[in-house]
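Notes follow the structure.
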Amino acid sequence: MRSELAGVTNATPPRQRPEAGRARPTMRGLVEHRLLLAGLHLLVILGLLASFAASVVASRYFTRGVETGEAGPAIPYTDLNPLGINTFLQDEPDPEMVRRSLDMIAAAGFTYIRQPFFWYEIEPQPDVYWDYKWNVSTWEKYDRIVELANARGLEIIARLDKPPRWAREGQPNLDQFPDGPPTRIEDYADFVATVVSRYRGKIRYVQIWNEPNLQGEWGGQPIDPAAFTELLKAAYLAAKQANPDVVVLMPGLAPTDQTGPANLSDLLFLQGMYDAGAADYFDIATAMVYGYGYSPYDRRVGFERNNFSRVIQLREIMVRNGDADKPIWAVEYAWVSLPEGWQGRPSVWGEPVSEEDQARYLYQGYLRAQREWPWMGVMCVWYFRWPIPPDDPVNWPDPTRGFAIVNWDFTPRLAYDVLARARPVLDRAWTGLYLAGSRYLHHDGGWRSDEGDTGPLLRPQQAGETLRIPFAGPRLDLLISGPGQGFAVTIDGVPPAGLPRDEQGRAVVRADAAGLARVTVASGLDDGPHVAELTALAGGDSSAALAGFAVVRRSPVAQALPLVFGAIGVALALNLASLGLNLRHPPAPPVGRGSR
């Protein structure tokens, strides 16, 4: 028995073979697994950060310069037909050609013409307004232009520049640079006052000088925003003294990236004007908006970038200098289109576009401005008709003729035909805030104008009076001054959803409390033309008053970006949390073959 026990005690147990898949992890495998997890998390985090950066860039690209109408002031001289056009009617020797031009312009739905009133033609000698060569008043052809334009309901923007030689006496290079500042500022101020006085009640808008940021318009002298501001100040004060109701436009500034001394960027020049105190001496800022061959939806913005979006930078300069309440008018607005096989001089305004693109871009540019820039007013197409025949031996190679929307023989180009159908869409309230004095509040005289604590008001004189608002955009807000009975509302003849109904089933807005209330009456509409109609529920002091309205449009990109940023933020937070958890409590790596 003892020997048997000894055999059992001393016996060597059989070797246990490791089960498949149960090998112990090695230190090396554990480290490699941690590094792999950390690397994967870091790659995801870097991707999310790159996506966030790309979204920020996209946000800046798609929303720079865009205003929604949810905030901001009501900007004057923007609730008007934006269709304007440049003319050279002073170069038409035949009065019939002037009539024909203005007939076509009015028929196409334009309201504004930007027309030169050249100083050297009107006042060839000091205080002399007579052309001794032709024995005629120098005012005669300009008087005709004014009378014919007024008769057709066209507003004139009088461009006042091109000095006579006598006004620049004593300056160098007069033959090389005939256009430049006057020797005596007072001489130009007197000319401006004379024009404004003569056409008081007939011309409301005057533009002071043109392109003073180019050496060709500044007598070949170094460009000087401060010196020009002195000229602007004198002209502005003279114009207002001659007619306090005249509206003064600053000069159009040529878009350029040059930094002087010969030519100076429009951006630098405008800032120089503000630095010199120019803000008090113009009512409307101006820009020259050229497409340079690019689509109006080219949203790239930069100092050296010339395109439709360049005007955004001018607006930003105005805002930085406390001038956000003023509008911008595009005094020149164009894409050049030259025929195939053009043998003349090349375009200096970017790549020429086809006639089809010229027409499409002009219309789309108006639409973009109406939708996104409530600070933009009139945009004057450059230009109606080139008054020089195409076979002229001197001027035939001039590519400037490629801007015209009507040929020399008055046959319309495609751009004329497209814009002639545009006014019903464009001439309505687009994005922005509009006060009770707006021309887009249409009624038959049953609403009286009052003045409230917050500004002008419109109040119905009796129940049942109606008021119409032609607008375009997905949302309409009303500014109602209470207390008093409100209004029944329809949009395109249909009561909008979301408003309370009265006993007759009408959608109504009310102002039960005193003060100003902003009420959204319709949202989610098609981003196109609509007509709102308000019917007064009461009249006189029993009724609330209308203080204004706002058209609100948030771009799809602007609405989507917060969701994108939120999704990226959540994903980033989850990945950071997962990375931290795995570094602190790493899971066991996949089991491989262990060491024996």
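A few notes on this one:
Each row is one residue, and each column tells you yes or no for (1) open to solvent by 100 Å² or more (accessible area, probe 1.4 Å); (2) at pLDDT below 60; (3) in a helix (DSSP H, G or I).
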position	(1), (2), (3)
GLN16	yes, yes, no
GLY21	no, yes, no
HIS33	no, no, yes
ALA53	no, no, yes
ARG60	yes, no, yes
GLY69	no, no, no
ALA74	no, no, no
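- Any hit, the range 298-311, residues being under 24 Å from TRP218 (Cβ atoms), at pLDDT 95 or above and open to solvent by less than 20 Å² (accessible area, probe 1.4 Å): yes
- Pairs with Cβ under 6 Å, 6+ apart, first in the range 232-260 and on the phi < 0 side of the Ramachandran plot, second among the acidic types (Asp, Glu) and part of a helix (DSSP H, G or I): LEU253/ASP266; PRO255/ASP266
- Of everything listed in (1) β-branched (Val, Ile, Thr); (2) at pLDDT 75 or above; (3) open to solvent by 50 Å² or more (accessible area, probe 1.4 Å), the single unmet condition for VAL519 is (3).
- Residue count for the range 547-568, restricted to those that are more than 27 Å from the chain's Cα centre (by Cα) and either surrounded by 16 or more Cβ atoms within 10 Å (Cβ to Cβ) or among the hydroxyl-bearing types (Ser, Thr, Tyr) (or both): 1.
- Residue satisfying all of: in the range 404-423; in contact (Cβ under 8 Å) with a residue 40 or more places away in the chain and of a type in the set (A, V, I, L, M); surrounded by the most Cβ atoms within 10 Å (Cβ to Cβ) among these: ILE405
- Extreme residue, farthest from PHE269 (Cα to Cα), among residues of the range 312-354 that are of a type in the set (Phe, Trp, Tyr) and crowded, with 22+ Cβ neighbours inside 10 Å: TRP335
- Residue count for the range 161-201, restricted to those that are more than 17 Å from LEU237 (Cα to Cα), in contact with a Leu (Cβ under 8 Å, 6 or more places away or on another chain) and outside any loop (DSSP other than H, G, I, E, B): 2
- Exclusive hit being open to solvent by less than 60 Å² (accessible area, probe 1.4 Å), under 26 Å from the mean Cα position of the chain (by Cα) and not basic (Lys, Arg), set ALA544, ALA538, ALA571, ALA532: ALA532
- Extreme residue, most open to solvent (accessible area, probe 1.4 Å), among residues of the range 221-270 that are part of a helix (DSSP H, G or I) and among the acidic types (Asp, Glu): GLU230
- Some residue of the range 488-499 being modelled with pLDDT under 95 and either charged (D, E, K, R) or under 12 Å from LEU537 (Cα atoms) (or both): no
- Strands (runs of 3 or more DSSP E) fully within the range 424-526 counting 1 or more residues that are without any contact (Cβ under 8 Å) to a residue 12 or more places away in the chain and over 22 Å from the mean Cα position of the chain (by Cα): 447-452
- Considered as a group, the residues in the range 202-220 that are of a type in the set (Val, Ile, Thr) and in a strand (DSSP E or B) include one that is surrounded by the fewest Cβ atoms within 10 Å (Cβ to Cβ), and that residue is VAL206.
The values are calculated or read from the model by the stated rules, or taken from the named source; none is laboratory data. What you see is a predicted model; the values in this text were computed from it and never measured. Glycine also receives a Cβ, built like all others from the backbone with ideal geometry; neighbour counts cover every protein chain displayed. Note: areas computed on protein heavy atoms with side chains; ligands, DNA, RNA excluded. Shrake-Rupley method; radii C 1.70, N 1.55, O 1.52, S 1.80 Å.
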